[in-house]
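Report on the following structure.
The values are calculated or read from the model by the stated rules, or taken from the named source; none is laboratory data. For clarity, every value in this text was computed on a predicted model and none was experimentally measured. Here the Cβ positions follow ideal geometry from the backbone for every residue, glycine too, while neighbour counts run over all protein chains shown. Accessible surface is based on the protein model in full, side chains and every heavy atom, while ligands, DNA and RNA are left aside. Shrake-Rupley method; radii C 1.70, N 1.55, O 1.52, S 1.80 Å.
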Amino acid sequence: METRETVRAVLLDSADRLLMFRLVDSEGVPRWTCPGGGLKEGEGLDEAVRRELREETGLVAVQVGPLVWVGTPWITHRRGYAQLVKQSYVLVRTISTQVDHRSLQDHERKSIKGYRWWSLSELKATPERLLPDDDLVPQLESILKYGPPPKPVTVSG
């Protein structure tokens with residue numbers, strides 16, 4: 001089975017709001033997730049998260065921090081093949097909140113249905129599905145209160 005390494009940006013602005021994308025899957029089920037995607041061959045996490053942010057948000061003036069979370073691997077099917085997905089979450093800071101989707105790839109345009117900068121209190125209050133499931137709010141709250149963890153924390157997916 002092929003392994004797909006991915007990276008997601010835990011992207012915080014100067015007000016500690018988290019940028020999340022609203023995705024809708026092929027069955028029409030919505031969920032919110034951090035920007036990111038697959039690593040290209042030979043790419044490290046820092047390079048990949050910068051590229052993904054540039055492509056998905058247009059943001060280039062970002063400060064890339066440490067790896068804060070590692071997702072529990074899961075199996076998905078892409079292009080007719082099973083893949084083991086391993087996801088890393090990197091803490092990133094930005095001053096700009098102006099998102100530009102002009103560089104989205106076609107498949108991203110089909111699945112990304114919106115974006116939002118969320119405060120911690122808004123994340124706590126929403127009934128919407130947030131990824132990583134069950135872990136996003138408490139782990140983000142810990143980062144905002146205590147800073148990045150000394151070693152990456154395992155989260156769901």
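List of remarks:
- Pairwise Cα inverse-distance average, inverted: Kirkwood Rh of the stretch 1-51 (Å): 12.7 Å
- Reachable lysines, given that their alpha-carbon falls under 29 Å from the alpha-carbon of LYS124 and they are not under 8 places away in the same chain: LYS86, LYS110, LYS113, LYS145, LYS151
- Proportion of all alpha-carbon pairs of the stretch 89-134 beyond 15 Å (%): 62 percent
- Overall, the accessible surface of the chain at a probe of 1.4 angstrom is composed of carbon and sulfur to the extent of 49 percent.
- Candidate residues THR57, THR3: accessible-area rank, largest first, probe 1.4 Å: THR3, THR57
- Computed label-point distance, nm, for sites HIS107 and VAL64 using a 7 Å Cα→Cβ extension: 2.2 nm
- Figure note: ARG54, ARG79 ranked by solvent-accessible area, largest first, 1.4 Å probe, ligands and nucleic acids not counted: ARG79, ARG54.
- Take the chain with all the other protein chains still there, run a 1.4 Å probe, and you get 55 Å² of accessible area per residue.
- The chain - Kirkwood radius from inverse mean 1/r over Cα pairs (Å): 15.9 Å
- Measuring with a 1.4 angstrom probe and ignoring ligands and nucleic acids, ASP100 comes out at about 50 Å² accessible.
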